[in-house]
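J.: Mind looking over this structure? Questions follow.
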Amino acid sequence: MNKNGGGSGFFKGASARHLAVFITFIALIGGFFILNRLVKPPDVSASERRELAKLPEFTASALASAEFMSGFENFAADSFVFRDGLRAVRAAAVFDLFMQTDKSGLYFGASGAGKFEKIDEDSYRGAAGKIRALAESLPDLNKYFAIIPDKSIYAGGYLPGFDPSEARAALAGQLDGIEYVDMTGALDGGDFYRTDLHWDQTRLAGVCSALYDAMDISAPAPDDVIVTAGEFYGVYAGQLALPMAADTMRYVSNAYIDGAAVSYLNARTGAMAPGPMYDAALFSGRDPYDLFLSGAQPLIVIDSPNSRTDRELYMFRDSFSSSLAPLLTAAYRRVTLIDLRYLDSRVLSAYVDFKPGSDVLFIYSTQILNNESILLVK
Amino acid sequence: MLFSSITFLYYFLPVVTALYFIAPMPRGSTAARNAVLLLASVTFYAWGEPVYVLLMLGQALSGWIFGLLIDRARGNRRLARAALLGSIIAGIGGLMFFKYTDFLIGNVNSLFGLSVGALKIALPIGISFYTFQILSYDFDLYLGKTSVQRNFFTLATYVTLFPQLIAGPIVRYVDVERELRSRSHTLADFASGARRFIVGLGKKVLIANVLGELVAVYKSSDENSALFAWLYAAAYSLHIYFDFSGYSDMAIGMGRMFGFKFLENFNYPYIADSITDFWRRWHISLSSWFRDYVYIPLGGNRVKPARHMFNILVVWFLTGFWHGAGWNFIVWGMFFAFWLLVEKFALGKLLKKLPRPVSRVYVLLCVAVSWAFFDAPDIPSAARTVTSMFAGADSLAGRESLYYLRSYAAPLIAAAIGATPLPATLIGKLGRARAGAAVLTVAEPLFLAALLVLVTAYLVDGSFNPFIYFRF
């Protein structure tokens, strides 16, 4: 072989350029093959907050049905060496090389990172049907409904995702007799974490005011103390895989919150047991937002002996309300939080005794309304 | 198994490449390396079709047996023709059963008001491609263009050869007959093949898949604007080109790595200046297959004009139907038949006189409209898209289409440039200059390495994106 090609046998006609391409190809294909054999993959992706696919079981039936193959494809992608680094490379290519404005709906805008998702009208109508069925089973309560606006509407430009007017239109005529509480104007982009989908508890005064106005409660003004839990990266930071500044998680402390007693349903025993309003230990877990009311819980009761009224509130809710509910202890003597993703409506009466004349608030983010099948309402 | 998957790139390919080159070639015999390729190809196919792999091998066996019969009947035209007919019935019969049964049932139901239940047969991947390869072997044998292959395993290696098994190019036995017996392996061929493979992979993953997302967005949107319809038309035109030509590049590249020289399947179709020219540049192996095994046996153009028109209509009906069991594919084929007839019998001379940019715009418009039918689930959906493109949209542009125009502008521009010979011409010019060649010696491997890493990043972080032509 020489510079201009030559030699004999395998090297016949090869140039330095051929050799360089050959070595590059073999080094990359072979190198990654060997590295993937040598490096043990992690069980969990911390950045994506999920368990990674494992090598599927090799059985005759799994082979015949091609389940083994599809499982292996997932395993091969999930266990690839330098996975997080490669995900960052892709994100950089999407936004910097191809100058795209989102990566499969994930964007980075004025209010930080987010993910837009169009309204699924069928799912919205399905969710409304479930809410209506529940509301009809609670005849003597004052009923309210609120959609938690997706942060994408505050991103500082049009994004083809959640649209409050489309959401209202999708629900038009579905929730008659339930008062709609519009929260769109009560929030702005700065009220959400820059790297996460959730709102910042310390910036929910407007949301509380909107609720109090609708529910005819004179808004109390507690002397809040803001406590810093620490810095964290929200779910969008991991999904986007772009370098970005960490968020700071802070929570509100005041006389009402500090004086409240929280009890949780133990799904295994069926009994209520006391627990913390804020669990600092969970801040270091997979989802730091679990600090608020201990994350995913089927049923929580907050008793607030210092509240300004003796009214009770039942919240049918998702994770956003974990940070909102503590603030409502100023107004309500008791706040009951029901998460229909984990508690089937058919057994609700065994755990909750709805007090006539109380308020009930159905409050959901668009992520839940777009996936109504996860609400256990039969 | 997808070429554009981690499993293929970093498990299958390194193992098969190593085994292939470790396999000995005593006195130049390719038997051991063919055995590696056959085993690898069966594994490759069974990975996605663990049951239908038996169908594929059965069809190869059938083609081999009928080949032996055709050879034995040489000199007895009637017997040879009967053996060829047997091969056609076995091949086309299998294709008809697995691909078209439910379509036929649906149409019989509609026509006669019946309610015969659909069989809901899953389409074996690549059946249209390997059926045509097997048929080409028996046709060529019958026509005396090739000699019989007495070793079933060698024929099976040809039929199942994993680089081109699933989505072509449709390689004819006569074109690889010599290489199946004896082929050389050189570093230059391997490097050229590897380069072609990586570029094809990049075309698929970085361009076709990205534009496929835009196509999906259009289909799920309620916005009926002219801009969105045109954005879709441009995106789909480039998406299908980069998807299919990317696959062909990978197939040709891998073939070259393993010592085979497959014929080209694409030649910059979007610079064609007539529809006739377009079909000389697009899916060349399919159009030449229909030309040699259907059009010419029907008489081609050496017949009266009416018969010539009939021959064209038959070929394009079959071309459309080959692509899918749906009326939209038949309309798509007949749409091209119409323009080919117009060019042959009316406007051909005028087209040649037109400035080239004008004739190219004419081709691009025709092809973009044709893709609307090709990609649509049914004819009304295609008609809606075409109507939106030309007159019937609610608005010129909407918020969604403007957003996606901004988001996909760079990939669309990159794809449009990449669909022309411009990049290859520039690299060719650079390579011919002494300094340029030196630069390329360093730059090309670096570029290919970066491309492969970028593709890997997309695959590690991406979702399943099968090749469009897998469903044919």
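The values are calculated or read from the model by the stated rules, or taken from the named source; none is laboratory data. Quantities reported herein were computed from a predicted structural model and do not represent experimental measurements. Note that we place each Cβ from the backbone using ideal geometry, even for glycine, and neighbour counts take in every protein chain shown. Side chains are part of the model used for accessible areas, which takes the heavy atoms of the whole protein and leaves out ligands, DNA and RNA. Shrake-Rupley method; radii C 1.70, N 1.55, O 1.52, S 1.80 Å.
J.: Does any residue in region B:84-106 that is assigned by TED's automatic domain parsing to the domain that holds B:Gly326 and within 17 Å of B:Phe329 (Cα to Cα) come within less than 9 Å, Cβ to Cβ, of a residue that is at pLDDT below 95 and surrounded by 15 or more Cβ atoms within 10 Å (Cβ to Cβ) six or more places away or on a different chain, and which pairs are these?
T.: The qualifying pairs do not exist here.
J.: Sticking with this structure for a sec: Hey, could you check region A:159-173 for residues that are open to solvent by 40 Å² or more (accessible area, probe 1.4 Å) and part of a loop (DSSP other than H, G, I, E, B) and say which is nearest to A:Gly230 (Cα to Cα)?
T.: Result: A:Ala172.
J.: If you don't mind, another one. Can you tell me which residues in region A:142-151 are more than 24 Å from the chain's Cα centre (by Cα) and either acidic (Asp, Glu) or crowded, with 18+ Cβ neighbours inside 10 Å (or both)?
T.: Selection gives A:Lys143 alone.
J.: Could you check A:Ser304 against (1) modelled with pLDDT of 95 or more; (2) touching a strand residue (DSSP E or B) at 6+ places or on another chain (Cβ under 6 Å) and say which number it fails?
T.: Exception for A:Ser304: condition (2).
J.: (1) in contact with an Asp or Glu (Cβ under 7 Å, 6 or more places away or on another chain); (2) surrounded by fewer than 15 Cβ atoms within 10 Å (Cβ to Cβ); (3) within 10 Å of another protein chain (Cβ to nearest Cβ): which one isn't true of A:Glu51, the others all being true?
T.: (3)
Yes or no, residue by residue, for (1) part of a helix (DSSP H, G or I); (2) in contact (Cβ under 8 Å) with a residue 24 or more places away in the chain; (3) crowded, with 20+ Cβ neighbours inside 10 Å:
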| site | (1), (2), (3) |
| --- | --- |
| A:Ile153 | yes, yes, yes |
| A:Gly157 | no, yes, no |
| A:Tyr180 | no, yes, no |
| A:Gly190 | yes, yes, no |
| A:Leu197 | no, yes, yes |
| A:Ser209 | yes, no, no |
| A:Glu231 | no, no, no |
| A:Ala237 | yes, yes, yes |
| A:Tyr251 | no, yes, yes |
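J.: Tally up the residues in region B:432-452 that are of a type in the set (A, V, I, L, M), open to solvent by 40 Å² or more (accessible area, probe 1.4 Å) and either closer than 23 Å to B:Phe266 by Cβ or not in a helix (DSSP H, G or I) (or both), please.
T.: 1
J.: Scan region B:96-108 and tell me whether some residue there is in contact with a Lys or Arg (Cβ under 9 Å, 6 or more places away or on another chain) and over 16 Å from B:Trp64 (Cα atoms). Even if it seems obvious, please write down each step before you answer.
T.: Of all residues in region B:96-108, those in contact with a Lys or Arg (Cβ under 9 Å, 6 or more places away or on another chain) come to B:102.
Then keep just the ones that are over 16 Å from B:Trp64 (Cα atoms); that gives B:102.
For region B:96-108, residues in contact with a Lys or Arg (Cβ under 9 Å, 6 or more places away or on another chain) and over 16 Å from B:Trp64 (Cα atoms): present.
J.: Tell me which residues, restricted to region B:137-159, are open to solvent by less than 30 Å² (accessible area, probe 1.4 Å) and either of a type in the set (D, E, K, R) or out of contact with any helix residue (DSSP H, G or I) (no Cβ under 6 Å at 6 or more places or on another chain) (or both).
T.: B:Asp138, B:Asp140
J.: Would a scan of region A:212-225 turn up a residue that is open to solvent by less than 30 Å² (accessible area, probe 1.4 Å), in contact with a strand residue (DSSP E or B) (Cβ under 7 Å, 6 or more places away or on another chain) and among the acidic types (Asp, Glu)?
T.: Filtering region A:212-225 down to residues open to solvent by less than 30 Å² (accessible area, probe 1.4 Å) leaves A:212, A:214-215, A:217, A:220.
If we keep only those that are in contact with a strand residue (DSSP E or B) (Cβ under 7 Å, 6 or more places away or on another chain) as well, we get A:214-215.
Retained after the next criterion (residues that are among the acidic types (Asp, Glu)): none.
No.
J.: Another question, then. Return yes or no: is A:Leu63 open to solvent by 30 Å² or more (accessible area, probe 1.4 Å), at the interface with another protein chain (Cβ under 9 Å from one of its Cβ atoms), over 23 Å from B:Val210 (Cβ atoms) and modelled with pLDDT under 95?
T.: Details: open to solvent by 30 Å² or more (accessible area, probe 1.4 Å): yes; at the interface with another protein chain (Cβ under 9 Å from one of its Cβ atoms): yes; over 23 Å from B:Val210 (Cβ atoms): yes; modelled with pLDDT under 95: yes.
So A:Leu63 passes the test.
J.: Testing B:Arg74 on (1) more than 14 Å from chain A (Cβ to nearest Cβ); (2) in a helix (DSSP H, G or I); (3) more than 30 Å from A:Phe80 (Cβ to Cβ), one condition comes back false. Which one is that?
T.: Every condition holds for B:Arg74 apart from (2).
J.: Please work out if B:Ala40 is in a helix (DSSP H, G or I), within 16 Å of B:Phe197 (Cβ to Cβ) and either away from every other protein chain (no Cβ under 14 Å) or open to solvent by 20 Å² or more (accessible area, probe 1.4 Å) (or both).
T.: When the stated conditions are applied, B:Ala40 passes them.
J.: Filter region B:2-23 down to the residues that are assigned to a loop (DSSP other than H, G, I, E, B) and facing chain A (nearest Cβ under 8 Å) and list them by number.
T.: B:Ser5
J.: Would you tally the residues in region A:66-114 being over 30 Å from A:Val39 (Cβ atoms), more than 9 Å from chain B (Cβ to nearest Cβ) and hydrophobic (A, V, I, L, M, F, W, C)?
T.: Of the residues in that region, 2 qualify.
One line per residue, one yes/no per condition, for (1) charged (D, E, K, R); (2) at pLDDT 95 or above; (3) closer than 20 Å to B:Phe103 by Cα:
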| site | (1), (2), (3) |
| --- | --- |
| B:Val303 | no, no, no |
| B:Asn311 | no, yes, no |
| B:Gly320 | no, yes, yes |
| B:Phe335 | no, yes, no |
| B:Ala346 | no, no, no |
| B:Pro355 | no, no, no |
| B:Arg384 | yes, no, no |
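J.: So in region B:390-431, with the set limited to residues that are within 12 Å of another protein chain (Cβ to nearest Cβ) and open to solvent by 80 Å² or more (accessible area, probe 1.4 Å), which one is nearest to B:Ala368 (Cα to Cα)?
T.: Looking at the filtered set, the residue picked out is B:Ile413.
J.: Which count do you get for residues in region B:115-160 that are closer than 24 Å to B:Ala32 by Cβ, part of a helix (DSSP H, G or I) and among the small types (Gly, Ala, Ser)?
T.: Number satisfying all stated conditions: 1.
J.: So A:Phe10 passes all but one of these: (1) at the interface with chain B (Cβ under 7 Å from one of its Cβ atoms); (2) surrounded by fewer than 15 Cβ atoms within 10 Å (Cβ to Cβ); (3) among the aromatic types (Phe, Trp, Tyr). Which condition number does it fail?
T.: All conditions are met except number (2).
J.: Now for a different question. Given the options A:Ala93, A:Ala77, name the one that is in contact with a helix residue (DSSP H, G or I) (Cβ under 9 Å, 6 or more places away or on another chain), at pLDDT 95 or above and outside the structural domain of A:Ala237 (by TED's automatic domain parsing).
T.: A:Ala93
J.: Now for a different question. Within the bounds of region B:216-228, is there any residue that is part of a helix (DSSP H, G or I), crowded, with 24+ Cβ neighbours inside 10 Å and modelled with pLDDT of 95 or more?
T.: Within region B:216-228, one or more residues are part of a helix (DSSP H, G or I), crowded, with 24+ Cβ neighbours inside 10 Å and modelled with pLDDT of 95 or more.
J.: Going through region A:109-129 one residue at a time, which ones are touching a strand residue (DSSP E or B) at 6+ places or on another chain (Cβ under 8 Å) and at pLDDT below 90?
T.: Within region A:109-129, A:Ser111 is the sole residue that qualifies.
J.: Go through (1) more than 30 Å from B:Ile125 (Cβ to Cβ); (2) assigned to a helix (DSSP H, G or I) for B:Leu318 and report which single condition fails.
T.: Status for B:Leu318: all satisfied but (1).
J.: What residue, of A:Leu361, A:Leu343, A:Leu348, is assigned by TED's automatic domain parsing to the domain that holds A:Asp290, assigned to a loop (DSSP other than H, G, I, E, B) and in contact with a strand residue (DSSP E or B) (Cβ under 9 Å, 6 or more places away or on another chain)?
T.: Testing whether each residue is assigned by TED's automatic domain parsing to the domain that holds A:Asp290, assigned to a loop (DSSP other than H, G, I, E, B) and in contact with a strand residue (DSSP E or B) (Cβ under 9 Å, 6 or more places away or on another chain) leaves just A:Leu343.
J.: Among the residues of region B:281-298, write down those that are open to solvent by less than 40 Å² (accessible area, probe 1.4 Å), in contact with a helix residue (DSSP H, G or I) (Cβ under 6 Å, 6 or more places away or on another chain) and part of a loop (DSSP other than H, G, I, E, B).
T.: B:Trp282
J.: Continuing with this model, one more query. Given the criterion of a type outside the set (A, V, I, L, M) and at pLDDT 95 or above, identify the matching residue among B:Arg434, B:Arg406, B:Arg399.
T.: Going through B:Arg434, B:Arg406, B:Arg399 in turn, just one is of a type outside the set (A, V, I, L, M) and at pLDDT 95 or above: B:Arg406.
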